[in-house]
């Protein structure tokens with residue numbers, strides 16, 4: 001991918017950030033995320049009365065000397081989370097739009113790096129058609145991460161995708177073990193709502209990131225134009241629309257885009273998921289600091 005932004009300077013600017021995930025997620029032992037269950041760390045959390053079968057080594061004898069009752073010391077528990085990043089590889093996400101493709105890969109890489117840098121696991125799921133390809137497997141450690149990123153930069157965007165079928169048929173999805181991100185423009189006829197519902201059913205913390213170019217957010221077309229659906233190119237009968245663009249068309253587009261974003265935002269809120277919409281005209285670091293901090297995903 002020409003003009004790649006994925007370099008040492010880019011990743012070093014991310015190291016001050018960390019995911020702020022829900023405390024009730026399960027995850028695996030050995031991470032840095034505090035959860036609501038009690039575990040084996042050195043950080044004190046609470047006391048409870050001794051029960052038959054408890055480990056007597058955790059009895060607080062100072063409290064026994066004061067109250068003549070047995071109390072156990074409870075400590076916080078830390079878990080390793082799994083960040084799964086679904087990347088919509090449809091034509092509208094990057095075919096003939098290198099800036100959008102580069103930005104999409106950059107967002108995925110930034111989120112993956114935040115996970116790896118904070119001792120979590122990550123994986124990249126490439127949505128192509130109605131499948132989610134798991135080309136790199138589960139990544140642990142920076143060496144495995146950077147090996148995957150070098151291949152991710154060559155990612156091709158083409159055709160149509162079905163977000164629902166790809167997400168629900170994804171193997172090794174897991175349950176209650178971390179953050180699942182879907183990066184897409186959501187210019188799709190597939191049922192993305194069912195995809196979100198399925199991830200919530202799997203007890204995932206869900207984040208939808210809508211990536212759009214400045215031209216998609218505020219198109220400057222006027223006069224007679226021939227609009228071609230990028231995802232139908234290569235078909236026998238590609239979808240196209242010959243239209244004369246005037247002010248009323250522009251206002252209708254702005255209203256439809258606002259309604260689309262509001263539908264995404266309100267549906268996610270109703271499911272306890274998060275949604276942000278970003279422009280490729282803004283630096284990725286600014287998006288991470290501003291938008292993800294606003295919804296409480298990072299700290």
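The residue 13 and residue 202 beta-carbon pair, evaluated with R₀ = 35 Å, returns a calculated FRET efficiency of approximately 0.60. Each peptide in 188-196, 12-20 receives the mean, over its residues, of other Cβ atoms within 10 Å, and ordering these scores from highest gives 188-196, 12-20.
Going from the residue with the fewest nearby Cβ atoms within 10 Å to the one with the most, 169, 90 rank 169, 90.
Computed over the alpha-carbon atoms, the stretch 76-190 gives an Rg to Rh ratio of 0.97, Rh here being the Kirkwood radius from the mean inverse distance. For the pair residue 215 and residue 143, a Förster radius of 35 Å applied to the C-beta separation gives a FRET efficiency near 0.35, rounded to the nearest 0.05.
A short reminder: the numbers here are calculations on the coordinates, not readings from a lab. This structure is a prediction, so every number in the text was calculated from the model and none was measured. Neighbour counts are summed over all protein chains in view; Cβ atoms, including those assigned to glycine, are modelled from backbone coordinates with ideal geometry.
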